[in-house]
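In what follows, a single structure is set out as structure tokens and then discussed.
The values are calculated or read from the model by the stated rules, or taken from the named source; none is laboratory data. These figures come from a predicted structure and were not determined experimentally. Neighbour counts run over all protein chains shown; Cβ positions are idealised from the backbone, glycine included.
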């Protein structure tokens, strides 16, 4: 997968996702294509067109990438063992957002969590002026909880589980 | 398999396209001559085919 060819001195990150209750997730190759693909999910505030996407009003973009997995092999009498990378899963993104029952994005997330089988394309966009670097991935949503504790604003927490190998980088 | 067919397979894939590109039987010289519009899925696919099918050295 090609890495982005931009360097952003400073950026603000935002998260976007396909609109539509039953979207057709991008194929893996299209996740790395900005023009007419990823740009359609990313809104104009992040230099996209936003025709097929909605923003996710979340507190913070969580860590994303790949979980660590390794196997250790020891040999009797040897000072060091082998610690070899093995198949590992993409990092799940547990996200907190202010609960707004009118927010289109959160309602889609809730519907996805209820279904459990909807693949949707998500985009994390890092923006600095007119430059955008986008990390797009396909994922399913699980665990949608609303916390209505009276001492603070109501919050919802959900987890996006990326599909294995289905990601791509693109940039403007 | 032609390069065009291989590109179609990669573009349509929801799997690991690195793995798909590595396993498709294509002619390295045909891959070397192929071109694709930048910032398209076809360009992504062709780049992977070129990665795993380097041009043969002619004497």
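Some notes on this structure:
- Residues that are over 27 Å from residue A:170 (Cα atoms) and free of Cβ contacts under 8 Å to residues at least 12 places away in the same chain within segment B:23-59 comprise B:57, B:58, B:59, listed in sequence order.
- Positions within segment A:100-123 being under 13 Å from the mean Cα position of the chain (by Cα) and surrounded by fewer than 22 Cβ atoms within 10 Å (Cβ to Cβ), in sequence order: A:119
- Across segment A:61-83, the number of residues qualifying as under 18 Å from residue A:133 (Cβ atoms) and exposed (fewer than 10 other Cβ atoms within 10 Å of the Cβ) comes to 1.
- Of all residues in segment A:147-165 being modelled with pLDDT of 95 or more and touching a helix residue (DSSP H, G or I) at 6+ places or on another chain (Cβ under 9 Å), the one that is farthest from residue B:45 (Cα to Cα): A:156
- Helices (runs of 4 or more DSSP H) contained entirely in chain B, each with at least 1 residues that are in contact with a helix residue (DSSP H, G or I) (Cβ under 6 Å, 6 or more places away or on another chain) and more than 14 Å from chain A (Cβ to nearest Cβ): B:3-11, B:28-33
- The listed residue being touching a strand residue (DSSP E or B) at 6+ places or on another chain (Cβ under 9 Å) and either crowded, with 17+ Cβ neighbours inside 10 Å or within 22 Å of residue A:171 (Cα to Cα) (or both), out of A:86, A:42: A:42
- The set of residues in segment A:1-46 being more than 14 Å from chain B (Cβ to nearest Cβ), over 13 Å from the mean Cα position of the chain (by Cα) and either assigned to a loop (DSSP other than H, G, I, E, B) or under 11 Å from residue A:136 (Cβ atoms) (or both) consists of A:7, A:8, A:9, A:10, A:11, A:19, A:20, A:21, A:22, A:43.
- Filtered residue count, segment B:17-51, keeping only those that are surrounded by 14 or more Cβ atoms within 10 Å (Cβ to Cβ) and under 27 Å from residue A:119 (Cβ atoms): 17
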